[in-house]
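Please read the structure below before turning to the comments.
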Amino acid sequence: MHEFLVSVVAFIVLVGVMVVVHEFGHFAVAKLCGVRVESFSVGFGPRLFGVKYGDTDYKICLLPLGGYVKMTGETPDQISGSTPGTPVYQQLLGKVRTESPEPEIEMPLAGPEALENDPGSFTSHPRWQRMLIGLAGPVANFLLAFVLMLFYYGWINEVPKREVKTTTVEWVVPDSPAAQAGFQPGDLITHFETVDNPDWDQVNQRAALNQNQTVPVTVDRSGQTVELSLHIPAPVKGQDFDVSDVGTIPEFVRGPIGVQQVQPGWPAAQAGLRAGDAIESVDGHGFHTVQALLAYMQYGQGKPISLVVLRNGEALLPIVAHPAKIDSNGWKLGFVPVPIPFGTSPMPLNTAAVKSAEFCAQNSSLIVEVLGRIFTRKVSMSQLSGPVGIARMAGDAAEMKGWLPKLGLASAISLNLGIINLLPFPILDGGLILLLLIESVIRRDIGVNVKERIYQAAFVVIIAFFAFVIFNDVTKLPIFTHLKP
């Protein structure tokens with residue numbers, strides 16, 4: 001229940017902020033262009049409270065899932081003369097809205113002639129202004145992502161105090177795809193698929209994009225260049241991909257594995273491990289992180305392991321521990337490791353701006369590449385995450401220590417929202433811009449009835465797509481994956 005509540009609250013805050021910023025972009029440029037904005041809403045559904053200032057009703061609504069901006073003459077149903085309170089095709093998480101009746105705001109019937117002669121109507125403005133208004137929402141999302149990461153790098157920038165800055169392999173799981181490709185502990189990855197000198201985040205991203213495919217990898221092995229071909233396995237349904245899935249365990253820090261707390265009655269306590277100890281090696285392997293130790297125990301399937309332990313700075317005689325499979329998460333010893341020590345190292349503002357721009361550029365190109373691979377059927381649609389998946393990620397980020405998981409996820413989602421809204425599909429901002437470009441080429445407006453049919457068809461497709469994505473999200477939940485053999 002705790003995890004569920006955290007995920008729901010984090011999702012509402014995250015998506016709410018992203019969509020409100022997106023809509024504020026439309027709102028600000030519409031106001032600058034002189035378009036009448038009838039309402040700026042934070043949330044959907046019945047109006048709770050707000051204030052009417054000028055032509056605009058600024059309001060808070062019941063359902064806190066984003067928001068919307070309503071402009072006079074924005075949608076085909078307004079142009080064709082709808083009465084107040086008629087449902088219109090508006091924003092759903094950024095693009096499909098539903099307007100509820102508001103009798104306190106009296107709006108006259110608006111036919112095509114009336115709107116064309118109304119200087120505040122969206123349709124009475126030049127097409128280039130309408131394009132700018134449509135473009136402003138995604139641009140606001142891009143700016144938000146940049147500002148969030150600028151704040152992170154310029155005022156926080158968390159770094160491990162014993163960080164390994166190279167992309168070095170700490171351990172290779174025997175019989176794994178990485179072992180079959182020829183990886184060895186200590187290998188330094190200098191090229192992965194299309195990226196030279198990648199960091200581990202880039203390796204993880206490129207591997208996730210090439211599941212069930214073989215990619216070229218170059219490693220530096222004790223000064224010698226070795227060319228490898230790594231086959232990345234197909235995704236396991238219900239699990240998020242990680243580079244360790246191919247059998248490569250990254251080396252992030254130096255030093256032994258510190259023991260912060262030992263669980264009474266578990267294998268670690270039975271073997272004599274104590275709080276304050278440090279595990280220097282496991283069966284002769286000098287592991288530095290719990291991730292490597294866990295991977296080693298999963299491979300051993302409960303086989304006894306010999307630990308060299310440091311206590312008060314002195315090495316003890318090796319102790320033997322018998323990993324136990326206490327729950328469904330695999331073999332464990334039963335101790336809490338000392339967290340990797342982190343410190344803050346804020347960058348100068350100009351360096352932070354460059355780093356933020358690089359983050360946005362890399363993530364944007366990754367999003368575009370993922371979309372391209374989905375359309376060319378190189379990546380499965382099942383890899384998409386919808387509201388449920390975003391809620392899970394938001395909940396996980398909220399409970400992680402540090403600011404990078406939170407601000408990094410918020411920036412990535414803001415970039416996603418901006419790019420997806422630029423797709424040339426009706427209802428989305430890109431669809432509006434596309435129709436305006438077509439009208440500019442043919443030098444006349446597309447008929448209102450034609451536009452209305454286009455929006456209706458697009459609305460049905462969007463709803464069907466959302467239903468698919470949500471169903472896909474739900475099938476990834478642990479309650480369903482645990483039921484599978």
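The values are calculated or read from the model by the stated rules, or taken from the named source; none is laboratory data. Here the structure is a predicted model, which means the values were calculated and not measured. Methodologically, a virtual Cβ is constructed for each residue, glycine included, from the backbone with ideal geometry; neighbour enumeration extends over all protein chains shown. Note: accessible area is taken over every heavy atom of the protein model, side chains too, but ligands, DNA and RNA are not part of it. Shrake-Rupley method; radii C 1.70, N 1.55, O 1.52, S 1.80 Å.
Among the residues of segment 432-457, which ones are small (Gly, Ala, Ser) and either in contact with a helix residue (DSSP H, G or I) (Cβ under 7 Å, 6 or more places away or on another chain) or touching a residue at least 40 places away in the same chain (Cβ under 8 Å) (or both)? Explain how you work it out, then say what you get.
Initial filter on segment 432-457 (small (Gly, Ala, Ser)): 440, 447, 457.
Scanning segment 432-457 gives a single hit, SER440.
The condition of being more than 26 Å from ILE374 (Cβ to Cβ), crowded, with 18+ Cβ neighbours inside 10 Å and out of contact with any His (no Cβ under 6 Å at 6 or more places or on another chain) holds for only one of VAL219, VAL203, that being VAL219.
Of the numbered criteria (1) on the phi < 0 side of the Ramachandran plot; (2) in contact with a Lys or Arg (Cβ under 9 Å, 6 or more places away or on another chain); (3) open to solvent by 20 Å² or more (accessible area, probe 1.4 Å), the one GLN301 fails is (1). Residue count for segment 1-57 under the criterion of being part of a loop (DSSP other than H, G, I, E, B) and farther than 22 Å from GLY73 by Cα: the result is 1. If you filter segment 173-190 down to residues that are buried (at least 19 other Cβ atoms within 10 Å of the Cβ) and without any contact (Cβ under 8 Å) to a residue 40 or more places away in the chain, you find that the one that is nearest to GLY284 (Cα to Cα) is ASP187.
Counting residues in segment 337-352 that are under 29 Å from PHE4 (Cα atoms), outside any loop (DSSP other than H, G, I, E, B), open to solvent by 30 Å² or more (accessible area, probe 1.4 Å) and of a type outside the set (Lys, Arg) gives one or more. Taking segment 164-213 as the range and being more than 28 Å from the chain's Cα centre (by Cα) and at positive phi as the test, the residues that pass are ASP175, GLY182, GLY186. Each residue in segment 154-169 was checked for being assigned to a loop (DSSP other than H, G, I, E, B) and among the charged types (D, E, K, R), and 3 pass.
I need the full set of residues from segment 1-56 which are in contact with a Pro (Cβ under 8 Å, 6 or more places away or on another chain) and farther than 27 Å from ILE413 by Cα, in order please. Steps first, please.
Filtering segment 1-56 for residues in contact with a Pro (Cβ under 8 Å, 6 or more places away or on another chain) gives 11-12, 15-16, 22, 25, 34, 42-43.
Residue satisfying the conditions is GLY34 alone.
If you go through segment 367-401 and keep only what is in contact (Cβ under 8 Å) with a residue 40 or more places away in the chain, open to solvent by less than 30 Å² (accessible area, probe 1.4 Å) and in a helix (DSSP H, G or I), you end up with ILE367, GLY389, ALA391, ALA394, GLY395, ALA397.
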